[in-house]
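Enquirer: I'd like to ask some things about the structure below.
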Amino acid sequence: MADTNALTGPNWIQRNWVICLALLLTAAWAMGAYLMLQASSPCKVEGQLAGFLECRTSNEIGDLLAGLFSPVAFVWLVAAVLMQSGELRAQREELQLTRKEYSLTRSEVEAQRLAMEQQVLFVEQQTAILMANRAQESAEATDDRIEGLAKMLVQKIGQIANARIMSTKEAVKSQFSSGKQSMRFEAPGSDPFQIAQSMSAAIQPEIHRYQEYYGDLPQNVEISPTLIADLINLASKIDSLADSATAQMQDKLTYFGWGGYSSNLNILVEYIGEKDQLWPDALAAALQEIELP
């Protein structure tokens with residue numbers, strides 16, 4: 001029912017007005033041609049079209065047919081041109097609409113692309129923040145680890161301060177007449193790194209003091225290699241963690257001269273090894289047995 005209305009309704013006439021006008025002109029021309037034929041016929045034969053043709057020559061019939069169909073052909077030619085022009089206009093409008101839709105689609109795609117870029121940037125920022133937080137947490141955990149190792153180091157340093165490094169049976173004219181060599185240093189504060197700095201700074205002066213008062217006298221090494229091995233292992237562990245610590249902890253280590261601690265320990269180890277050739281082997285064995293907490 002809807003298709004029938006679409007073909008016969010007023011909308012169809014509005015869309016196809018050129019055809020309707022051409023049909024109307026064709027019908028009007030046919031009616032007018034019929035009346036003119038009747039009026040101009042030399043033979044008065046009413047109601048018979050054949051009588052019109054019998055009274056005319058072939059040339060007249062040809063001219064008559066040409067005159068009859070030429071206007072009709074012209075009308076439908078104009079109608080075809082108008083219809084084609086309308087179709088081209090519709091195609092042009094459709095093309096413009098297509099371009100507008102394409103432009104809108106392109107704008108939407110561009111907007112989606114920008115939204116995706118912003119989303120990717122947001123994810124990258126969140127990932128960077130998360131990684132920075134994790135790195136900060138890891139560095140802070142490393143700081144706590146270093147602090148714990150430093151406190152253990154101070155305990156070992158306290159044992160060295162109360163222990164004899166070496167002893168000699170030879171009498172010496174000095175305040176060390178007993179021949180007992182101990183490590184003397186002052187710890188002005190309670191910070192473990194400050195205490196370690198004091199001990200490290202005292203190693204070389206103490207060695208010079210030993211050499212000044214005892215020289216080449218025979219000496220017995222009394223310091224435990226296990227104690228020195230503990231110091232070396234703790235210092236080595238702190239050295240390995242320093243690069244992963246926070247900037248504040250690294251600045252603290254630099255401030256207290258931590259970089260020279262291990263080298264001063266090595267100086268002490270070399271000095272003791274010169275006095276007892278078996279002591280370095282005992283130290284190496286102790287280093288292999290120690291397990292860091």
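Enquirer: With θ set to phi - 60° and the Karplus curve 6.51 cos²θ - 1.76 cosθ + 1.60, what are the ³J(HN,Hα) couplings of segment 250-263 in order, to the nearest whole Hz, using x for Gly and Pro?
Expert: Here the 3J(HN,Hα) series is 4, 5, 5, 4, 5, 4, 8, x, 5, x, x, 5, 5, 5 Hz.
Enquirer: Do the alpha carbons of any pairs in Lys151/Lys275; Lys156/Lys275; Lys151/Lys252 sit beyond 26 Å of each other, and which pairs?
Expert: Lys151/Lys275
Enquirer: Could you work out how far apart the two model spin labels at Glu124 and Asn266 are, taking each label as a point 7 Å from the Cα in the direction of the beta carbon, and quote it in nm?
Expert: Taking the simple label geometry, Glu124 and Asn266 are separated by 4.4 nm.
Each reported figure results from applying straightforward, stated rules to the coordinates on display, with no laboratory input. This structure is a prediction, so every number in the text was calculated from the model and none was measured. Using ideal geometry, Cβ is built from the backbone for each residue, glycine included, and neighbour counts are taken over all protein chains shown.
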